[in-house]
Amino acid sequence: MHARSRWKASMRLSQAPHRQLQFRGKSRPLKKCTIWYITRVSKVQAFTSSDFSESKLALIKALSEQLIAGGVNQSLRKLAQSIGTSHRLLLYHFQDRNQLLRETLLYINEVVVLRLETVEVPNPCTPHDLMKLISEASRGMDIFHGGLWFEIIAQSARGTEPFVEIAREIEGNWSDIVLKRLELKKGEAMGLLASTEGLAVLQAVLGKSTARLASF
């Protein structure tokens, strides 16, 4: 199996007794049997907005503001109306609502990650330190304080796409930054992320003054 690809198979019964099965250069006569049709499915590439046209990028920026303000459960029509365009234009740039959500939410994360890569990360870094850094890097986007991240992981926990894929890519980006900048082992990096996100939940529910009391 190719390292960068997955393979998908579908099957059906053939009633044609004299058809030939071509596989690896060999032909075999078939009677009534199950035939597997193997098709290559490309692996999902890591998100980048660098290939977007200027018009699509401008649309994604407007959509990101609306998702931050109104959450992820908005319909295409509502999103289009909110940014002053039509849902037909959205469907011109995006295959469907899932693609729109994936590209817009990962664009928001891309901005945050680029900012995180340029700030100084204290070492050792506590969950309080990391939450402050992520909050500062997401200024104007309110990933934690606005509840956007909690909406994404809640949908992901239910197994809802595209949120499972989105959440995994975001977690992977944050984990890579922690591993690279702090030179931690993977288990330590994941522990720091888990504690940081737990602290963010505590702050969202009980407020900053209570969250500050948490010790690690």
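Hey, with R₀ at 41 Å, roughly what FRET efficiency would Ser175 and Arg77 work out to, going by the Cβ-Cβ distance, to 0.05? Please report the intermediate quantities before stating the final value.
Working: r = 36 Å, r/R0 = 0.89.
Efficiency for this residue pair is about 0.65.
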Residue-by-residue Karplus 3J(HN,Hα) for segment 59-70, coefficients 6.51, -1.76, 1.60, Hz, glycine and proline x: 5, 5, 4, 5, 5, 5, 5, 6, 5, 5, 6, x
Estimated vicinal HN-Hα couplings, Hz - segment 206-215 in sequence order (Karplus 6.51, -1.76, 1.60; Gly, Pro = x): 10, x, 5, 4, 6, 4, 5, 6, 5, 10
Total charge dipole magnitude, segment 101-216, about the Cα centre, Cβ charges on Lys, Arg, Asp, Glu only, Debye to nearest 20: 320
Computed label-point distance, nm, for sites Arg139 and Asp96 using a 7 Å Cα→Cβ extension: 4.0
Listed residues Leu133, Val201, Leu76: farthest to the positive end of the dipole of segment 54-209 (Cβ charges): Leu76
Lys, Arg +1 and Asp, Glu -1 on Cβ, resulting dipole of segment 86-126 about Cα centre, debye, nearest 20: 240
Backbone HN-Hα couplings from phi across segment 133-138 [Karplus 6.51/-1.76/1.60, Hz, Gly and Pro as x]: 5, 5, 5, 5, 5, 9
Sequence-separation-based contact order of segment 43-112, relative, with Cα cut under 8 Å and 6+ spacing, percent: 41
Order by protection proxy (mean Cβ within 10 Å, highest first), peptides 156-162, 99-105, 56-62, 196-202: 99-105, 196-202, 56-62, 156-162
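Values quoted throughout were computed directly from the atomic coordinates according to the rules given, and no laboratory measurement underlies them. The structure displayed is predicted, hence computed values, not measured ones. Neighbour counts are summed over all protein chains in view; Cβ atoms, including those assigned to glycine, are modelled from backbone coordinates with ideal geometry.
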